[in-house]
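Worksheet for the structure shown next.
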Amino acid sequence: MNRISIALDNFGRAVLSNVEEMGKILLLFVSTLVWMVRPPLKVRLIFKQMEFVGVKSIYVVVLTGTFTGMVLALQSYYGFRMFSAESLVGSTVALSMTRELGPVLTALMVTARAGSAMAAELGTMRVTEQIDALYVMAANPVKHLIVPRIVASVFMLPILTIVSDFMGIMGGYFVGVTILNINEGSFVRNITRYVDLDDLYNGLIKAAVFGLILSLVGCYKGFNTSGGAEGVGRATTEAVVLSSITILISDYFLTAIMF
Amino acid sequence: MFSISTEAKVGLFVLVALIILGYMSFRVGEYGFGLKKGYIIKAAFENVTGLDKDASILVAGVEVGRVESIALKDGMAVVSMRILPDVKLERDVRVSIKSYGILGDKYIEIEPGTRGVSSLGEGEEITRVEKQADIDKILRDLGTIAQDVMAVTASLKKVIGGEEGVENLSAIVRNTRELSDNLNKVVKQNDEKFSVMVDSLKNAAMQMDKTFSALSDITERINEGEGTIGRLVNDREVFDNLDRTVASLQDITDKINKGEGTIGKLVNDEETVENLNASLKSLDRSMEGIDRYISKAEQFRTFLSYRGEYLFDTSDAKSYVDIKIQPKQDKFYILGVVADPRGKRTVTETTTGGTTTRKEKWERDELLFNLMIGKRYKDIVLRGGILESTGGVGIDYFAFDDTLKFTFEAFDFDADRDPHLKIYGEYRLFKHVYLMAGWDDFISDERNSSPFAGIAIRFEDDDLKYLLTSSPIPTK
């Protein structure tokens, strides 16, 4: 009896804390929105974050995009060969990249690279009481720290996704046409035939949402760090895990809504 | 060290990404841009299963548009197609739904119409819609066919599948083998006999050869006229007759041979034979005569014609009566008399003291004669001889199945005067009745020239024909 009550107790507490956390994240998002539209806009800070989130993620994104496209081409080639439909490899790669893999993989890579960094950075500032200092200086930490990161992420994720899509298709083209000797004309023609503008743009919308999720979660986790250096480490881990899970789950719902 | 600002880095990166995005959008939506300007045409299909919005519309395999929308109307699927503005589709194009391969996507195929037919405009409908090949129906039909094939194989299996069937088959094979064995034996056993047969055949042929040479000897002597038979053969008439009568004689002789009675004795009597011989000869002669008479009579055609011409300028009338004898289709003779009011011209020349006086005299009531031979080459007839009592030639040209005839005649050639030339056309009005018009003596230097019109009656005369062809039959 006692053990059951303890189990229920733990379960209830977990649910409560999760709901509480979601509420807090939502509140942070609302206050971000509020502070975002309040002048003056910290353009320099936004650009700095853009450089950090976007420009410095290029190598990672280019590599993941290219190799994802290449392996997709290789895998789908073996499947399509059974139906003598090798020329459909191009459209498969292009559709997968633009609709799904481009946005998701980019978001996951950026989460690992920038989301974790945000959590660690803000967490360190929290535990070293720099955030409190900002309050003392009458500078709102949401406006100075969180808004630039979120704006930069929402803006840069689609940009990175474009690069990822493009590199993925190029990788698929390289493998399909150069290595697997698929007819170049029908390869390209099938891409243009089966891929619509909607596929491309919906992927980019997804990427923007993922950007919001990863930056929001990263900032939240960092902003609410407690417990010294250990706490910073924990916040970083939690940020990456929560962001990744949220990205993948929301990906399903976004796909269901959009396509 | 050269460094670029944060803003520049971000700006450059975003710019590059946007260029890539623009490129991809352009390639992917390549079609979307120009197409929105295109025009819409419609077609009502019975069934558009598998056809999606944005499916391709191909003409000769070239994409000219996409499916804009599919709507249901009166139980038919009305497909709106957006066609590129610079593509013109004739009003009689045929439209059908096809698929890339058996499992591939559906698309709409438009077969071009006739060139020059007016083009379809915005919102108009294609009327010639072909039914879509229904895969389900094909598969169902295939299933039925497979069942039929199975029924056939099953009955076949019943016939030859069982042990009995196998036995029967092997019995057939065994019989065939025995048969061929027997055949082989027969051939082998009779090999010698065959060769003997061939040898005797050869002998027979040699003897035949001898017989023939003897026969030729005999026939030679006959040809030379030796003996009774020779005489008989050389008399062609008798021979010809014999040929024809032998068949009937065969009959009679058979009977006589059998008879051996009165007739048999009669035949053996010398006198009877002679009598018979004589009567046969006379019979043959008359037969040949009849033969010749009939064949000639059949070929021969005779035409009688009367022709009257009125000469306008001289106010005179000329009359012709002709007999045309046509022994062959392309050969004829014309005999005729002409009554010319001008009469017959006689020239007398008298020479007194080195000067020659020339006197022309026209005798009004003299008749002129025509005597011509002619030959016909397809539509052209050439003839010549005596024309109006002078030498002359004529040419006729026939047109429209001989209903129209153009004639040119030239006669009365004289060194001092122009020849008499005559040209006219003749038209067959009814059977036997002809109208004609022309110009007589049109280069005359004696004021004899005149246009003329006339009428002719011409018919084939059978009585005359028989009169002419019945040559006297020689009788003994």
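Read the figures in this text as sums done on the coordinates, not as results from a lab. What you are looking at is a predicted structure, and each value in this text was computed from that prediction instead of being measured. Note that we place each Cβ from the backbone using ideal geometry, even for glycine, and neighbour counts take in every protein chain shown.
Test of the criteria: in the stretch A:37-123, which chymotrypsin sites (Phe, Trp or Tyr not before Pro) are in a DSSP loop and have at most 14 other Cβ atoms within 10 angstrom of their Cβ?
Counting only loop positions with at most 14 other Cβ atoms within 10 Å, the chymotrypsin sites (Phe, Trp or Tyr not before Pro) in the stretch A:37-123 are A:F83.
Could you let me know the centre-to-centre spacing of the stretch B:73-92 and the stretch A:27-90, using Cα atoms, in angstrom?
The stretch B:73-92 and the stretch A:27-90 have Cα centres separated by 41 Å.
Along the charge dipole of the stretch B:142-189, Cβ charges K/R +1 and D/E -1, which of B:V159, B:L179, B:G143 sits furthest on the positive end?
Farthest towards the positive end: B:L179.
Starting from the Cα of B:K73, draw a straight line to each of the aspartates and glutamates and keep only those under 14 Å, dropping any in the same chain fewer than 8 residues away.
Within the straight-line limit of under 14 Å, B:K73 reaches these aspartates and glutamates: B:E46, B:E125.
Among the listed pairs B:K328/B:K422; A:K24/B:K9; B:K375/B:K405; B:K42/B:K131, which have their C-alpha atoms separated by more than 25 angstrom in this model?
B:K328/B:K422; A:K24/B:K9
Relative contact order for the stretch A:37-146 using alpha-carbon pairs under 8 Å, separation at least 6, rounded to a whole percent?
27
Can you sort B:K281, B:K202 by how many other beta carbons sit within 10 Å, fewest first?
B:K202, B:K281
Which translational diffusion coefficient, to the nearest whole µm²/s, is obtained for the stretch B:377-447 from the Stokes-Einstein equation, given a Kirkwood hydrodynamic radius over C-alpha pairs, 10 °C and 1.306 mPa s?
In µm²/s, the coefficient is 121.
How long are the semi-axes of the ellipsoid equivalent to the stretch B:37-133, from square roots of 5 times the Cα gyration tensor eigenvalues, in whole Å, largest first?
In descending order, the three semi-axes are 19, 15, 13 Å.
What net charge is computed for the residues neighbouring B:L382, neighbours being all others with C-beta under 10 Å from the C-beta of B:L382, Lys and Arg scored +1, Asp and Glu -1?
Net charge in that neighbourhood comes out at +2.
Treating only the Cα positions of the stretch B:142-189 as identical point scatterers, give the base-10 log of I(q)/I(0) from the Debye formula at each q in 0.18, 0.24, 0.28, 0.31 Å⁻¹.
-0.67, -0.82, -0.91, -0.98
Going by amide H atoms built from the backbone, whose H comes under 5 Å of the H on B:V78, apart from near neighbours?
B:F45, B:A71, B:L72, B:K73
In whole angstrom, note down how far apart the Cα centers of the stretch B:384-408 and the stretch A:216-241 are.
So the two Cα centres are separated by 130 Å.
Below 14 angstrom from the Cβ of A:G54, what's the summed charge of the other residues (Lys, Arg +1; Asp, Glu -1)?
+3
Put +1 on the Cβ of each Lys and Arg and -1 on the Cβ of each Asp and Glu in the protein assembly as shown; which of B:M436, A:V60, A:G228 then has its Cα farthest toward the positive end of the dipole?
A:G228
Relative contact order (percent) for chain A, with alpha-carbon contacts under 8 angstrom and 6 or more residues of separation?
About 31 percent, as a whole number.
In Å and whole numbers, how far do the C-alpha atoms of the protein assembly as shown stretch along each principal axis, longest first?
In descending order, the Cα extents are 171, 105, 61 Å.
I need the phi-derived Karplus couplings for the stretch B:203-214: 6.51 cos²θ - 1.76 cosθ + 1.60, θ = phi - 60°, integer Hz, Gly and Pro marked x.
4, 4, 4, 4, 5, 4, 4, 4, 4, 5, 5, 4
How big is the dipole moment of the protein assembly as shown about its Cα centre under a simple scheme where the beta carbon of each Lys and Arg is +1, that of each Asp and Glu is -1, and everything else is neutral? Debye, nearest 20, please.
With only Lys, Arg, Asp and Glu charged at Cβ, the dipole is about 4560 debye.
Taking amide H atoms as placed 1.01 Å from N in the peptide plane, list the residues 5 or more away in sequence, or in a different chain, whose amide H sits under 5 Å from that of B:L311.
Under 5 Å from the amide H of B:L311 lie the amide H atoms of B:D316, B:A317, B:K318, each far enough along the sequence or on another chain.
Using the Karplus curve 6.51 cos²θ - 1.76 cosθ + 1.60 with θ = phi - 60°, what ³J(HN,Hα) values do you get for each residue of the stretch B:70-83, in whole Hz, with x for Gly and Pro?
10, 10, 9, 8, 6, x, 10, 8, 8, 9, 8, 10, 9, 10
Can you sort B:T403, A:T124, B:T302 so the residue with the fewest Cβ neighbours within 10 Å comes first?
The most exposed by this proxy come first: B:T403, A:T124, B:T302.
Listing A:L45, B:L283 from the residue with the fewest other Cβ atoms within 10 Å to the one with the most, what is the order?
Listing A:L45, B:L283 from fewest to most nearby Cβ atoms yields B:L283, A:L45.
If you consider only alpha-carbon coordinates, what radius of gyration and Dmax does the stretch B:301-469 have, in Å?
So, for the stretch B:301-469, Rg and Dmax equal 17.4, 62 Å respectively.
If you take every DSSP beta bridge fully contained in the protein assembly as shown, what fraction is antiparallel? Give it as a percent rounded to 5.
Taking every DSSP beta bridge with both residues in the protein assembly as shown, the antiparallel ones total about 95 percent.
List the residues whose amide H sits under 5 Å from the amide H of B:V93, counting only those 5 or more places along or on another chain, with H placed 1.01 Å from N in the peptide plane.
B:G113
Anything over 31 Å Cα to Cα? Flag those among B:K331/B:K431; A:K206/B:K88; B:K53/B:K88, in the order listed.
A:K206/B:K88
Show me, for the stretch B:406-419, the HN-Hα J-couplings you get by feeding each phi into the Karplus relation (A = 6.51, B = -1.76, C = 1.60, θ = phi - 60°), rounded to Hz, glycine and proline as x.
Each residue of the stretch B:406-419 in turn: 10, 10, 10, 10, 9, 7, 6, 7, 9, 5, 8, 10, 6, x Hz.
What per residue convex hull volume, in Å³, do the alpha-carbon atoms of the stretch A:42-258 yield?
For the stretch A:42-258, the hull spanned by Cα atoms encloses 119 Å³ per residue.
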